[in-house]
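Report on one structure; see the data block that follows.
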Amino acid sequence: MTSQDDEQAARQLLDLINASWVAQACYVTAHLGLADLLATGPRTAEDLAAATGTDAPALRRLLGALGSVDICRQRSDGAFEMTQLGERLRRDVPCSMRAWALLWGGEAWQVWANLLHSIKTGTSARALITGGSGFEHLERDPAAAEIFNQAMVDLTGLAALQIVRAYDFAGQRVMDVGGGYGELLAHILSGYPTARGVLFDMPHAISKARAHLDRRGVADRCEFVSGDFFTSVPAGSDLYVLKTVIHDWPDEQAREILHACRRAMRPGTRMLIIERLMPERLEPSAASRSLARLDLHMLVALGAQERTMKEMLALLAAADFQQVRRLETGSEFQILEAQL
């Protein structure tokens with residue numbers, strides 16, 4: 001006979017193991033565009049199946065399953081509608097998570113299936129899926145690049161306002177290094193009318209960034225430059241901002257990026273590293289679970305890691321950044337202001 005505590009622990013573990021089904025259900029919902037189809041009002045499973053080319057009974061089961069986690073609901077007349085939670089899987093709503101659902105349930109899902117490989121080797125498993133351990137595949141695959149960059153826009157948008165309020169960007173020429181479509185830069189330029197921006201990233205991002213910042217009404221105060229931050233970073237800015245860039249790379253490559261920024265900087269300029277910082281020890285909590293997931297995702301996807309404050313200071317010191325100030329943002333991100 002098992003004790004009640006043993007049984008409860010087993011059920012709790014079972015819930016954790018089985019939770020992955022929700023990610024795939026959200027991925028399929030986003031892929032089929034169900035939330036967008038329901039934007040105009042409730043529809044039956046048969047109607048949605050005809051619109052998406054799916055099997056009506058199977059789709060009804062998916063919608064019912066989504067109802068169990070409050071993503072959609074079935075009305076008394078049998079039709080389905082999205083909840084406020086499910087609305088975030090639409091393309092055109094504030095705080096959309098559609099692109100992230102597609103990324104997490106698509107490419108990332110395949111990479112995570114090879115976590116054992118990364119634990120055994122300490123290296124990225126992405127090469128097993130895309131043929132490369134970094135982001136090279138995004139230059140070859142425009143559809144994947146669009147999903148990735150839009151997902152970064154959406155995630156950045158959740159914390160950008162708090163980041164922008166935590167630092168004074170007024171009157172500065174701000175370069176967003178590896179900034180994707182420029183979502184953080186858009187918030188900076190919107191919040192500080194006297195600031196000017198430079199967006200620096202790979203061609204797959206820069207090619208779509210101007211239209212994104214134009215929609216935000218700040219493209220006229222921004223320059224768009226494509227390049228490789230391992231080789232060189234353009235000079236001439238007052239602030240060099242790297243948000244969730246360093247965590248994408250192992251120490252050797254991270255140091256190369258910091259050295260490239262250092263070579264571009266003149267006396268008096270500053271660099272802002274915006275990252276989540278790992279605690280020295282993870283505890284059973286929602287915050288620790290989020291950091292643990294991110295850290296393992298950096299490992300399996302890129303062979304990289306989330307870092308502690310001590311580890312970040314060591315990286316910065318290796319690139320001759322000795323003066324480092326830490327600022328809290330009120331979000332999960334911290335700002336490390338570094339000077340030569």
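The values are calculated or read from the model by the stated rules, or taken from the named source; none is laboratory data. Bear in mind that the values here come from a model prediction, so they are computed numbers and not experimental data. Please note: Cβ atoms are built from the backbone with ideal geometry, for glycine as well, and neighbour counts cover all protein chains shown. Heavy atoms of the whole protein, side chains included, go into the accessibility calculation; ligands, DNA and RNA do not. Shrake-Rupley method; radii C 1.70, N 1.55, O 1.52, S 1.80 Å.
Could you check the range 253-278 and list, in sequence order, the residues that are closer than 20 Å to residue 155 by Cβ and of a type in the set (Asp, Glu)?
Residue satisfying the conditions is 275 alone.
Are any residues in the range 288-331 open to solvent by less than 40 Å² (accessible area, probe 1.4 Å), within 22 Å of the chain's Cα centre (by Cα), at pLDDT below 95 and over 26 Å from residue 106 (Cα atoms), and if so, which ones?
331, the sole residue that qualifies.
Kindly list, by first and then second residue, each pair from a residue in the range 320-333 that is free of Cβ contacts under 8 Å to residues at least 40 places away in the same chain to a residue that is β-branched (Val, Ile, Thr) and open to solvent by less than 40 Å² (accessible area, probe 1.4 Å), limited to pairs with Cβ atoms under 9 Å and residues at least 6 apart or on different chains.
Close Cβ pairs satisfying both conditions: 324/273; 325/335; 326/335.
Suppose we keep only residues that are hydroxyl-bearing (Ser, Thr, Tyr) and touching a helix residue (DSSP H, G or I) at 6+ places or on another chain (Cβ under 9 Å) within the range 22-54. Which one would you say is surrounded by the most Cβ atoms within 10 Å (Cβ to Cβ)?
Going through the range 22-54, the residues hydroxyl-bearing (Ser, Thr, Tyr) turn out to be 27, 29, 40, 44, 52, 54.
Narrowing the set further to residues that are touching a helix residue (DSSP H, G or I) at 6+ places or on another chain (Cβ under 9 Å) leaves 27, 29, 44, 52, 54.
Values: 27: 20, 29: 23, 44: 18, 52: 16, 54: 16.
Checked the range 22-54; the qualifying residue surrounded by the most Cβ atoms within 10 Å (Cβ to Cβ) is 29.
Can you tell me which residue within the range 146-158, out of those that are surrounded by fewer than 21 Cβ atoms within 10 Å (Cβ to Cβ) and touching a residue at least 60 places away in the same chain (Cβ under 8 Å), is nearest to residue 205 (Cα to Cα)?
Within the range 146-158, the match that is nearest to residue 205 (Cα to Cα) is 146.
Take the residues in the range 159-178 that are in contact (Cβ under 8 Å) with a residue 40 or more places away in the chain and aliphatic (A, V, I, L, M), then tell me which one is most open to solvent (accessible area, probe 1.4 Å).
Looking at residues that are in contact (Cβ under 8 Å) with a residue 40 or more places away in the chain and aliphatic (A, V, I, L, M), I get 166.
If we only count helices (runs of 4 or more DSSP H) wholly inside the range 179-287, which ones have 3 or more residues that are under 18 Å from residue 139 (Cβ atoms), open to solvent by less than 70 Å² (accessible area, probe 1.4 Å) and among the acidic types (Asp, Glu)?
On the way: elements: 183-191, 203-215, 251-264.
Once the helices (runs of 4 or more DSSP H) in the range 179-287 are filtered for at least 3 residues that are under 18 Å from residue 139 (Cβ atoms), open to solvent by less than 70 Å² (accessible area, probe 1.4 Å) and among the acidic types (Asp, Glu), nothing remains.
Could you please find all residues in the range 107-136 being part of a helix (DSSP H, G or I) and crowded, with 19+ Cβ neighbours inside 10 Å? Don't jump to the end; show me each part of the working.
The initial filter retains those residues of the range 107-136 that are part of a helix (DSSP H, G or I), namely 107-112, 115-121, 127-130, 136.
Passing the criteria: 107, 108, 111, 118, 130.
Looking at 106, 131, 178 in this structure, which one is small (Gly, Ala, Ser) and within 22 Å of residue 206 (Cα to Cα)?
Values: 106 fails: within 22 Å of residue 206 (Cα to Cα); 131 fails: within 22 Å of residue 206 (Cα to Cα).
Selected residue: 178, the only one of 106, 131, 178 that is small (Gly, Ala, Ser) and within 22 Å of residue 206 (Cα to Cα).
To keep it simple, each residue is scored yes or no on (1) of a type in the set (Phe, Trp, Tyr); (2) in contact with a Cys (Cβ under 7 Å, 6 or more places away or on another chain).
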site: 101; (1), (2): no, yes
site: 118; (1), (2): no, no
site: 122; (1), (2): no, no
site: 155; (1), (2): no, no
site: 164; (1), (2): no, no
site: 167; (1), (2): yes, no
site: 180; (1), (2): no, no
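Would you please name the residue that is nearest to residue 172 (Cα to Cα), looking only at residues in the range 196-235 that are of a type in the set (Gly, Ala, Ser) and touching a helix residue (DSSP H, G or I) at 6+ places or on another chain (Cβ under 6 Å)?
Narrowing the range 196-235 to residues of a type in the set (Gly, Ala, Ser): 197, 205, 207, 209, 211, 217, 219, 226-227, 232, 235.
If we keep only those that are touching a helix residue (DSSP H, G or I) at 6+ places or on another chain (Cβ under 6 Å) as well, we get 197, 205, 219, 226, 232, 235.
Working: 197: 8, 205: 23, 219: 16, 226: 21, 232: 21, 235: 14 Å.
Taking the candidates together, the pick is 197.
For the range 29-54, how many residues meet the condition of being β-branched (Val, Ile, Thr) and assigned to a loop (DSSP other than H, G, I, E, B)?
2
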